[in-house]
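The values are calculated or read from the model by the stated rules, or taken from the named source; none is laboratory data. What you see is a predicted model; the values in this text were computed from it and never measured. Here the Cβ is made from the backbone with ideal geometry for all residues, glycine too, and neighbour counts use every protein chain on show. Remember, those area values only see protein heavy atoms, side chains included, never the ligands or the DNA or RNA. Shrake-Rupley method; radii C 1.70, N 1.55, O 1.52, S 1.80 Å.
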Amino acid sequence: MKPCKSAAFAAVSVLAVTLTATSCSGDSGTAESEPSSSTATLGDRPRLPTYKVATDVSFDSPTLTRAKKAGKLVIGVKSDQPFLGYQDETGTRSGFDIEVAKMVAADLGFAARSIEFKTFPTSRREAAIASGDVDLYVGTYTINEERKKKVGFAGPYYMAGADLLVRKNDRTISGPYSLQNKTVCSVTGSTALLEMQKKEYRTTTVSTETYSECVAKLLAGEVDAVTTDDAILKGYAAQTPDKLKVVGAPFTEEPYGIGMDKDDKALRDAVNDAIEEHDANGDQEKAYDATLGLSGSLYEGAPLVERY
């Protein structure tokens with residue numbers, strides 16, 4: 001296991017990459033291929049790893065029993081976060097969270113073709129887990145004590161933190177305290193927006209319904225920065241690395257975990273084992289480099305898994 005480290009921003013050359021992920025239709029979909037590597041073959045493009053599917057997996061977990069009977073593992077994810085949890089117009093899923101989901105599923109005995117991804121927004125995560133609509137949830141899901149009263153968490157597998165997305169040529173913004181007399185955009189009701197509204201920052205805030213709207217305002221010069229978890233911001237930076245960058249000065253800590261039934265300790269232990277194994281063997285770093293790493297940020301290792 002590795003100690004908790006915050007992700008650092010570093011400028012590197014970024015090349016376009018085609019991400020191979022799960023094919024699906026509509027709001028959910030069943031994977032149709034193995035958790036395969038990227039189809040990239042040119043230059044030094046980062047390549048997605050492959051994940052060996054475990055056989056004869058057996059432990060006392062009602063969730064695993066249900067999934068085996070159904071012949072599929074249902075995983076809740078996000079679909080609007082580029083290079084993190086994203087679904088394009090063809091239904092293809094891609095991103096770091098999607099890869100984490102696939103590597104954990106493989107350790108539980110499910111190949112990519114046996115995963116059904118379902119999109120659930122933040123507000124419906126706990127309900128989806130409690131009702132059994134999903135077996136696991138992997139989607140920028142911050143572990144905290146209040147949520148642990150409702151769901152179980154494995155991880156964390158990544159330590160995010162609220163950060164700032166700015167225009168590439170902006171050298172005036174180095175962190176939240178450099179936003180005096182500037183305008184910052186975030187999603188209505190987000191913790192990052194509430195933080196920025198504190199008097200100590202002396203900044204003007206603008207709220208929208210989606211982060212993509214904030215990014216559009218940033219590119220148009222209507223706001224000076226966008227704030228939310230750095231993992232989400234890195235995805236947008238990776239989309240347009242010639243125009244946007246992440247400041248790289250997180251001012252909160254957001255440990256991302258994998259949500260599941262609160263009382264299924266056997267499953268939680270197994271998923272924790274998977275997280276540790278795929279960090280140790282380099283799979284997570286390879287997945288990160290081919291997704292969020294395209295923003296220019298370096299993989300700093302998974303945080304220390306918190307077992308309870």
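Numbers at a glance
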{"item": "Solvent-accessible area of THR63 with every protein chain in place, 1.4 Å probe, in Å² to the nearest 10", "result": "10 Å²"}
{"item": "Gap separating the Cα centres of region 55-76 and region 247-308, nearest whole Å", "result": "21 Å"}
{"item": "Accessible area, probe 1.4 Å, largest first, for residues LYS68, LYS217, LYS199", "result": "LYS199, LYS68, LYS217"}
{"item": "Among ALA154, ALA249, ALA112: highest mean-square fluctuation, GNM of the chain, C-alpha pairs under 10 Å", "result": "ALA249"}
{"item": "Helical mean residue ellipticity (222 nm; -39500 (n - 2.57) per DSSP H run of 4+; nearest 500) of the chain", "result": "-7000 deg cm²/dmol"}
{"item": "GluC sites (Glu not before Pro) within region 220-308, DSSP loop, no more than 15 other Cβ atoms inside 10 Å", "result": "GLU222, GLU253, GLU306"}
{"item": "Over 30 Å between alpha carbons, listed pairs LYS245/LYS286; LYS199/LYS245; LYS69/LYS234", "result": "LYS69/LYS234"}
{"item": "Max mean-square fluctuation residue, GNM over the chain, Cα-Cα springs under 10 Å, options GLN284, GLN197, GLN81", "result": "GLN197"}
{"item": "Where a label projected 7 Å from the Cα of ASP273 along Cα→Cβ would reach, residues of region 47-78 with amide N under 16 Å", "result": "52-65"}
{"item": "Cα-centre dipole for region 257-308 with unit charges at Cβ (Lys and Arg positive, Asp and Glu negative), debye to 20", "result": "120 debye"}
{"item": "Sequence of PHE117, PHE59 from largest to smallest accessible area, 1.4 Å probe", "result": "PHE59, PHE117"}
{"item": "Accessible carbon and sulfur surface of region 177-308 relative to its total accessible area, %, 1.4 Å", "result": "46 percent"}
{"item": "Shape metrics for region 227-280, restricted to C-alpha atoms - Rg then Dmax, Å", "result": "15.9, 46"}
{"item": "Max mean-square fluctuation residue, GNM over the chain, Cα-Cα springs under 10 Å, options SER123, SER94, SER297", "result": "SER123"}
{"item": "ARG125, ARG202, ARG66, ranked by accessible area, largest first (probe 1.4 Å)", "result": "ARG202, ARG66, ARG125"}
{"item": "Residues of the chain: accessible area per residue with a 1.4 Å probe, Å²", "result": "44 Å²"}
